[in-house]
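To start, the structure under review is shown below, and the notes come after it.
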Amino acid sequence: MNNRGDRRRRLAKACDHCRKGKVRCDGTRPVCGRCRGCGNECHYADVDKPDPRQRRSRVPSRNSTGKTIGEEAFDGVGASSALLSDSAVVQTVAHPQLHLQAHDELHSFTESSPAQTLAATDTSPRDTIVGGHGDMRYFGPPSGISLVSTATPRKSGQHTPESWSKWTHPSIEPLFTKRVMKPLPSWTEAFSLVSEFFTHEHQVFPCFNAPAFMCLLGQQYSGACTESPAWWVSLNSVLAIAQRRRAEAAQSAEAEDLAWAYASNALAGTWDVLMRSTQLSSVQALLAIAWFFIGTPNPQPSFMLVGCAVRLAHSIGIHVESQDPSVSSAEANMRKKVFWIAICLDRELCLRTGRPPCHDLNAAYVDPPMGSLDETEIIKTVEGHELNLFKGQIQLAVIQSAIYQDLHSSKAPPNGITDSVADLLQKLENWRTEFAPSLTHDSAGRCEHHGLMRLYFSYYNAVIVVSRAHSLTYWVSPNHPEMSALPSKMRDSIENCLNASRCIIELSKLIPVTWKSFHWDVIPIPMSAVVILCIMTLRNPMNENARNDMGLVGDVMQIFRTLDETYGNTYLTQVQKVCQELYRKAHYAVQSSNAQLVEPINVESPALQASSNANQQESHQHHTDNMFDFNMDIFEQTMPYPVPMLWDLDASLWTSII
């Protein structure tokens, strides 16, 4: 408080919102605890004092006060928290702990026009600039703006309340009008759905702080809701996710349609979030709606939304350690959580599809919030062990990042794959020991919490991806050598792929049929398992495990058929055709090699059986077998590697599946 200009200001002890609402304000600058927890704009109506020479002519009693009440409140909170840099985060949907200080009752708040924020000379480093509406902009070292914001002190009067992201051309302004496709449910229903979300989904997707979210929910139904598009998207996404869970449990198509109605509300506001809302709550909103679409027959929106969330995280600077003194430890932990949720989703989707990640952890890395993990993120396994799912997701995401970097990026060493594979497999084994001790290389365990089961699928998929990189030529080459002629390490990699594939299918059989969104989420993983087992059977139909493997493939094909018949016209239709053709040829190879029929498998449809019988009757006739057509682009979305070669029984040649 050595700045002379600041001493000539009478600092208000309460912000406008708290003063008009007649509630107690803690006086914290630039945003008080109540406004921070509720996501409101916080403004203090400070008044400039008269010149000291004019004050001398006033009544002595006015001079004897020494300090105004506002100044006393200012000293009480300390200069470090009052004269914060204008890079403070001033608006977020989810802010831990601060909301806990709020009263139980809900108060109405009125909108106040943006005003100039108090800003004193501050030479601390700043890389994030905040506008009057709380929208943030991060500028890294290559940017010229970063030189100004880092090296130049920001003095009083330099900060303006204009937004950095609200401008739009009048022609597209109507696109941002709030559209309500489906009215919100009653308060009782909404409270119940949100509570179910935090009970069942929070351990897997801890993107929000429950008390703060409930506070905003109360404001939404008390007529004092925030106009933030991010809150609207977040609320409807949470309602959609919880409603879908109810629909699956009740097997109700009407309830499922209601979930999609809430999702349409969220999508209607997504455009506004993408273009005009750059806050932490905006990243949370995009991740929430992406989480909904991950469990749908069309996962493409989830890829795009997660990518946008990562880019938006870059825009507000949560991909770097914050040096801003105004960011509390609770808020810093929430920023880290949101960032790592985006990274976990990005890495998982990228490893399934073979697409490059949106963020390079080697370029910008933020320490995981391991010290801030709370009990609400803990689950209990069937054996009674306590497990933190989010911690497991983070550590697996780091390994997945290394998998892509070491094996599939352009920088991957071509001659060092053997060492990289061994190192990555050891990391995966260490992860399994800590987070999935019940899993073995030949056993899938029992059905656990859906979040833990998802981690199991991701683990086995990572094992396949790593092992397959070392033995890729065996899986795709038409002129493959015999297993006995292969190096021992390559044989071990092939066995790892086979064992993991069998465990994946065993896991799929453990998932209840009502978990439809879960099945849609993990479909690419059992599909890869089907391809591997079928190719191995075609390679060696006399293998002692061939008959059992075909039985496993038949089980997962039944799951594919059930999902495809329920929805239809999805990418699974194309995937199923590919898998059916592989299964048909592998099944026939086993029949031919054993000179006897394999026990019937329920998965075979009449068309599939007829095709198999026709092949037996016409095995000596030369003809071209084009049993199916499929969209290669759709198939490659689920299969990140080259399509394997298949044995053409009619032509007696190895041919591409295309």
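The values are calculated or read from the model by the stated rules, or taken from the named source; none is laboratory data. The shown structure was predicted, so the numbers you read here are calculated from the model rather than taken from an experiment. Every residue, glycine as well, gets a Cβ built from its backbone with ideal geometry; the counts of neighbours run over all protein chains shown.
Computed quantities for the displayed model
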| read-out | value |
| --- | --- |
| Test result for VAL382, without any contact (Cβ under 8 Å) to a residue 60 or more places away in the chain and β-branched (Val, Ile, Thr) | no |
| Enumeration of residues in segment 233-289 that are touching an Asp or Glu at 6+ places or on another chain (Cβ under 7 Å), among the hydrophobic types (A, V, I, L, M, F, W, C) and either modelled with pLDDT under 95 or farther than 24 Å from ALA313 by Cα (or both) | ALA242, ALA247 |
| Condition met for GLU544 (among the charged types (D, E, K, R), surrounded by fewer than 14 Cβ atoms within 10 Å (Cβ to Cβ) and free of Cβ contacts under 8 Å to residues at least 60 places away in the same chain) | yes |
| Filtered residues of segment 496-518 (kept if crowded, with 17+ Cβ neighbours inside 10 Å and not in a helix (DSSP H, G or I)) | ILE511, TRP515 |
| Checklist (1) closer than 23 Å to HIS449 by Cβ; (2) touching a residue at least 60 places away in the same chain (Cβ under 8 Å); (3) under 20 Å from the mean Cα position of the chain (by Cα) applied to GLU248, failing item | (3) |
| SER493 being outside the structural domain of GLY354 (by TED's automatic domain parsing) and either surrounded by fewer than 17 Cβ atoms within 10 Å (Cβ to Cβ) or within 20 Å of VAL204 (Cα to Cα) (or both) | no |
| Residue within segment 15-26 that is at pLDDT 70 or above, surrounded by fewer than 19 Cβ atoms within 10 Å (Cβ to Cβ) and farther than 30 Å from LEU280 by Cα present | no |
| Boolean, LEU305 is assigned by TED's automatic domain parsing to the domain that holds ASP346 and under 22 Å from TRP340 (Cα atoms) | yes |
| Residues (at pLDDT below 85 and surrounded by fewer than 18 Cβ atoms within 10 Å (Cβ to Cβ)) located in segment 355-372 | ASN362, ALA363, ALA364, TYR365, MET370, GLY371, SER372 |
| Matching option when the condition is closer than 28 Å to LEU345 by Cα and either outside the structural domain of ALA253 (by TED's automatic domain parsing) or buried (at least 18 other Cβ atoms within 10 Å of the Cβ) (or both), among SER528, SER488, SER484 | SER528 |
| Single condition SER420 does not satisfy, out of (1) in contact with a Lys or Arg (Cβ under 8 Å, 6 or more places away or on another chain); (2) assigned by TED's automatic domain parsing to the domain that holds LEU452 | (1) |
| Residue match in segment 271-291 (condition: surrounded by fewer than 21 Cβ atoms within 10 Å (Cβ to Cβ) and without any contact (Cβ under 8 Å) to a residue 60 or more places away in the chain) | yes |
